[in-house]
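**Q** Below is a structure I'd like to ask you about.
The values are calculated or read from the model by the stated rules, or taken from the named source; none is laboratory data. Note that the structure is predicted; figures quoted are calculated from it, not measured. When we count neighbours, we look across all protein chains shown, and the Cβ atoms used for this are built from the backbone with ideal geometry, even at glycine.
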Amino acid sequence: MTLFNDVLFSEEEAQHGFLGVITLNKPQAYNALSHDMILHITQQLDQWSKNKHLLTVIVRSDFEKAFCAGGDIRFLYDAGKKGDIDALRAFFHDEYKMIHQIHTYPKPWISFINGITMGGGVGLSLHGRHRVATETLRFAMPECAIGFFPDVGGSYFLSRCPGELGPYLGLSGESINAADALYCGLIDQCIAAENYTAMKVQLLNTDFSKVSDINTAITAILKQHAIKPEASALAEKRELIDKHFQGDSIIRIICNLQQDASPWCQELAFNLQQKSPLSLKVTLEQLRRGRSLTLDACLKMEYTIAQHFAAATDFYEGVRAQIVDKDKTPHWQPATLAAVSDEAVAAYFKAKNPLNLSED
């Protein structure tokens, strides 16, 4: 086992090869991804990809409360406040490249997700071949509350959720459980946390040299350990969500919710109005565009959007209000949805230091 800062890499002997295991190991920060962690994961994956004896990769957390709470927001905030935009650009560049590496990885990728999983943790887990969550999963993309947008491929995976569930999750930032994540198609299996060891032992003891397709064999093993979670609460709200979140206007979405007498709709409308108006408009446009784009194209689009947010004010104000000063009273610029013009939104999609995913 090799220790690189806050990530553990191990190679566990299996039949005719080994399993590569990545264990996030920064519990004091709920495994929030630092730039250094991203670089070490990328480097290790590059080394493993060239090893013919590697059978599959598992990414997991030893911390029962969280898989990964996101990216290192405080680092990004401090760098931006110092005017070090290059540091922010490098972080997003390497994070998105890591996501692309995971998505195109030549060996099977198993994400074993537990507890709080947000932002960068979602990017690390949802783009691999096998997405497994425990019953403790709490998934969320709450970026609009800090003046940012649901990145890490959110344009891709949120826009492919059934109906209008993706825009609902991306705009509201609401937290969902494993049953909801299954319903949305964000994960493939739910496995009890205590079944992880038995699942891994079976993977280690399986002779994959005798199977015609390793991914199909892995899926079969995962299904053997899967459990059926409780019914999805989100499924019960699907009709309301699809009704009110259709269209390309966040103002219309909020008006639709306000006109619905349901207490849930009223509370949701209020909560949406507390988020960055700029973030809400950019996010809805991002998700609408993402429906017809590949993951590569989504990541390139998000890299452009991220750089625009890094050069503006809402991200720093949102982090200040929610994380630094914790006064929960951000002063957004512009302050209202009506004040965010279509031209201002369109500007966030204009190419800026484009991301080249094919570069070495």
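**Q** Within region 63-111, how many residues turn out to be within 30 Å of residue 214 (Cα to Cα) and in contact (Cβ under 8 Å) with a residue 40 or more places away in the chain?
**A** Summing the residues that are within 30 Å of residue 214 (Cα to Cα) and in contact (Cβ under 8 Å) with a residue 40 or more places away in the chain in region 63-111 gives 22.
Matching residues to (1) under 23 Å from residue 134 (Cα atoms); (2) under 20 Å from the mean Cα position of the chain (by Cα); (3) not in a helix (DSSP H, G or I):
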{"site": "41", "(1), (2), (3)": "yes, yes, no"}
{"site": "47", "(1), (2), (3)": "no, no, no"}
{"site": "51", "(1), (2), (3)": "no, no, yes"}
{"site": "56", "(1), (2), (3)": "yes, no, yes"}
{"site": "77", "(1), (2), (3)": "no, yes, no"}
{"site": "89", "(1), (2), (3)": "no, yes, no"}
{"site": "99", "(1), (2), (3)": "yes, yes, no"}
{"site": "117", "(1), (2), (3)": "yes, yes, yes"}
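**Q** Does region 292-309 include one or more residues that are without any contact (Cβ under 8 Å) to a residue 24 or more places away in the chain and either in a helix (DSSP H, G or I) or in contact with an Asp or Glu (Cβ under 6 Å, 6 or more places away or on another chain) (or both)?
**A** Yes, region 292-309 has at least one match.
**Q** Which of the following residues is buried (at least 18 other Cβ atoms within 10 Å of the Cβ) and at pLDDT 95 or above: 276, 341?
**A** Only one candidate qualifies: 276.
**Q** Where residues in region 31-58 are touching a helix residue (DSSP H, G or I) at 6+ places or on another chain (Cβ under 8 Å) and under 21 Å from residue 200 (Cβ atoms), which of them is surrounded by the most Cβ atoms within 10 Å (Cβ to Cβ)?
**A** Looking at residues that are touching a helix residue (DSSP H, G or I) at 6+ places or on another chain (Cβ under 8 Å) and under 21 Å from residue 200 (Cβ atoms), I get 31.
**Q** Need the failing condition index for residue 79 against (1) within 30 Å of residue 194 (Cβ to Cβ); (2) surrounded by fewer than 21 Cβ atoms within 10 Å (Cβ to Cβ); (3) of a type in the set (A, V, I, L, M), just the number.
**A** Single failed check for residue 79: (1).
**Q** Here is a further query. Which is surrounded by fewer than 15 Cβ atoms within 10 Å (Cβ to Cβ) and touching a residue at least 40 places away in the same chain (Cβ under 8 Å), of 167, 150, 162?
**A** 162
**Q** Restricting to helices (runs of 4 or more DSSP H) lying wholly in region 143-205: which have 3 or more residues that are within 15 Å of the chain's Cα centre (by Cα)?
**A** Output list reads 154-157, 165-172, 178-184.
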